[in-house]
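**Student:** Take this structure, written in structure tokens, and hold onto it; I'll ask about it next.
Since every read-out is calculated from the coordinates, none of them should be taken as a lab result. If you're wondering where the values come from, they're calculated on a predicted model, not measured in any experiment.
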Amino acid sequence: MPGKYYCMLMRINVDCNACYRKLRRIILNMKEIDSNLIEQQQCRVCVCGIFKPSDVAVKIKKKMNRRVEILEIQEINEEVRGNNTAVG
């Protein structure tokens, strides 16, 4: 397995709809991110996937040209992740 499954919460100033769309496009184009949640009012972004958290934060900072603050990083076990995806 190339990396661990992380869920990372960041604070990014997303003050207008154009910034929101740009951030959304950047995150969707990242292959290593499985799911994301952008809270525009609270200026928070949550991304989950198999990646190195610092690399994703640096990529977003370079492409958005905005400060990115990592608030929380959670490493999720494979057993827990497997149970969440099961239906039934």
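**Student:** Show the residues, 5+ positions off or on another chain, whose built amide H is closer than 5 Å to the amide H of Y5.
**Tutor:** I76
**Student:** Another question, if that's okay. Please give the calculated 222 nm ellipticity per residue for the chain, where each DSSP H segment of at least 4 residues contributes -39500 (n - 2.57) and the sum is spread over every residue; nearest 500 deg cm²/dmol?
**Tutor:** Computed ellipticity for the chain at 222 nm equals -11000 deg cm²/dmol.
**Student:** Hey, what angle do you get for helix 53-64 against the long axis of the chain, alpha-carbon based, 0 to 90 degrees rounded to 10?
**Tutor:** 30
**Student:** Taking only pairs that are 8 or more places apart or on different chains, how many Lys pairs in the chain have Cα atoms under 14 angstrom apart?
**Tutor:** Close lysine pairs under the 14 Å cut-off: 7.
**Student:** Let me ask something else about it. Please report, in cubic angstrom per residue, the volume enclosed by the convex hull of the alpha-carbon atoms of the chain.
**Tutor:** 108
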